[in-house]
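Shown next, in structure tokens, is the structure this report addresses.
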Amino acid sequence: MKTTSSDTPRYARKTGKLRGTLIGCGFFAENHLNAWTSMRDTPLEGVELVAVCDRDLAKAEAAARRFGIPRAYADAETMLTEQKPDFVDIATTLPSHRPLVELAARHGVPAICQKPFAESLEDAQAMVRACADAGVQLMVHENFRWQHPLLAVKQVLDEGWAGKPFYGRVQFRHGFDIITNQPYLAEDERYIIMDVGLHLLDVARFLFGEAGRLYCRTARIDPRVRGEDTATMLVDFHSGVTCVVELSTATRTEPEPFPECLVRIEGTDGTVELEQGYRLVLSRPGHREVRPVDAELLPWASLPWHVVQDSVLAIQRHWVDCLREGREPDTSGADNLATLELTFGAYRSAERGQAEVFG
């Protein structure tokens, strides 16, 4: 994984044990809480959550008991005022992101914000501006690019295995029922692209650079959902790569591929393919190599979620490194603006039936 670096830290370095807080104690926040807890007594990381917050105080109190966190709050401003933490992890749903990020900025607290980052590009720009003016880091929890198998793809690509890439496919097609655990997704008018598509667009940017043109088609297959549950995008990158980005939660197949993100990259020298079962296949004429790239099963993780859970720990470790070194996170708020431009552009393309062009 590349990191931004500079001889002069952009932000104040954080030293000693970091005191963190978390807002939002819902379904996915369990992974954040487990990852932070696992970092509590690590000598080089030294992170302790001192408080959690949820509008439903009972939820916050239950999380505090389960994870041994000293305080629970129902009001985020009260928590930040009383605790004065080194950072806040915002693991809430989309409508609350801007007010909570701007609240953190007013308190001078670096913030992680869950994805989707913002409901509009204007909101995202406002959050980036608020944290920049406050001189604090802002990171978006875009964890797909931190998945161990995808980091392995990036590594062999950077090593030049494929030569110069010219074609890519990033695919997330499954039929796993995610609505049961996250029922609010069924009510969203914008569904699969906002929930998963932005992850895949971020992965494509991670692998191929910035995009210049995107065309998207969508459909709604599952009658339970209001928004689109399939999407196919054709994306042209300035690097010369044409990439197909595929999304579906309506695919019926066996074996069920959820939650695997599959990748194929063709280059002038060879092909790199991340296949189902976390197999990285490297092939050239006369040569074929298969590498297992599954993630470690952490003590608190469970199948089939373990790769996603491992990526949560990876991105939180990156955040701690950035706080200690005073640098910008790879998935910063500013970087995420480019992912959101593609995301909102995909919706415009689908609505208008024509390609969107980017700078």
Please sort by residue number the GluC sites (Glu not before Pro) in region 188-250 whose DSSP state is loop and whose Cβ has at most 11 other Cβ atoms within 10 Å.
Glu189
Give me the one-decimal nm value for the distance between modelled label points at Glu256 and Tyr167, 7 Å along each residue's Cα-to-Cβ direction.
3.2 nm
Computed about the Cα centre, the charge dipole of the chain from +1 Lys/Arg and -1 Asp/Glu charges at the Cβ has a magnitude in debye, to the nearest 20, of 320 debye
Asp56 and Ser283 label points (each 7 Å along its Cα→Cβ direction) are spaced in nm at 4.8 nm
Under 20 Å from a label point 7 Å along Cα→Cβ of Glu189: give me every residue in region 215-239 with its amide N that close.
216-231
Nearest 0.05, what FRET efficiency do Thr180 and Arg348 give at R0 = 35 Å with Cβ-Cβ as r?
0.65
Taking the Cα centre of each part, how many Å lie between region 295-353 and region 259-275?
20 Å
Calculate the FRET efficiency for Leu298 and Val357 from the Cβ-Cβ distance with a Förster distance of 45 Å, rounded to the nearest 0.05.
0.60
Checked region 193-322 with the C-alpha gyration tensor, a ≥ b ≥ c its square-rooted eigenvalues, rounded below a/c of 1.5, otherwise prolate if a/b is larger than b/c and oblate if not; verdict rounded
Gain in length, Asp321 to Glu275, computed as 0.36 nm per residue apart minus the alpha-carbon separation, to one decimal in nm?
13.4 nm
Taking Val357, Val241 and ranking on accessible area (1.4 Å, protein atoms only), highest first, one gets Val357, Val241
Under 28 Å between alpha carbons, and skipping anything fewer than 8 positions from Lys115 in its own chain: which lysines qualify?
Lys2, Lys14, Lys17, Lys59, Lys84, Lys154
Taking a ≥ b ≥ c as the square roots of the eigenvalues of the Cα gyration tensor, with a/c under 1.5 meaning rounded and otherwise prolate when a/b exceeds b/c and oblate if not, region 123-267 is oblate
Region 155-275, accessible area per residue, ligands and nucleic acids excluded (1.4 Å, Å²):
41 Å²
Within the chain, what whole-number % of the accessible surface is contributed by carbon and sulfur, with the 1.4 Å probe and all protein chains included in the calculation?
49 percent
Considering only protein heavy atoms, what is the solvent-accessible area of Glu48 at a probe of 1.4 Å, reported in Å² to the nearest 10?
60 Å²
Roughly speaking, what is the centre-to-centre gap between region 71-100 and region 187-251 when only Cα atoms are used, to the nearest Å?
31 Å
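The values are calculated or read from the model by the stated rules, or taken from the named source; none is laboratory data. Here the structure is a predicted model, which is why all the values come from computation and not from measurement. FYI the Cβ positions are ideal-geometry reconstructions off the backbone, even for glycines, and counts take in every protein chain you see. Note: accessible area is taken over every heavy atom of the protein model, side chains too, but ligands, DNA and RNA are not part of it. Shrake-Rupley method; radii C 1.70, N 1.55, O 1.52, S 1.80 Å.
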